[in-house]
Amino acid sequence: MTNNATQTKFSNPLDQFGTAQVPQMMRLKDVIQITRLSRSTIYEIMDEKSKRYDPTFPKQIKLTERSVVWRADQIAAWLESKFSDAS
């Protein structure tokens, strides 16, 4: 059964004031700080050819030629899944 409040939240890109709902973004330094992983480990996790590859790790979003971010909610969900796996 679907929760209508959750469904409405994601189906409407504007909040009650007509402002766009933009997901919180994280730069690499923030992902490093939150996950406690090194830069090289993060990129190894994202590399399909690496033995450390994790297909569940969130995809980066390329904003410009030299700038990438990750969605904070996806990083949080990935960490939560790791905590759940450890239980």
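None of the figures in this text is laboratory data; all of them are computed from the coordinates on show. These numbers come from a predicted model, not from an experiment. Using ideal geometry, Cβ is built from the backbone for each residue, glycine included, and neighbour counts are taken over all protein chains shown.
Brief remarks follow.
- For a paramagnetic label modelled on Q74 (point 7 Å from Cα along Cα→Cβ), amide N atoms under 13 Å away belong, within the range 43-58, to 46, 55-58.
- Taking 16 Å as the straight-line reach from the Cα of K82, the aspartates and glutamates in range (excluding those fewer than 8 positions away in the same chain) are D54, D73.
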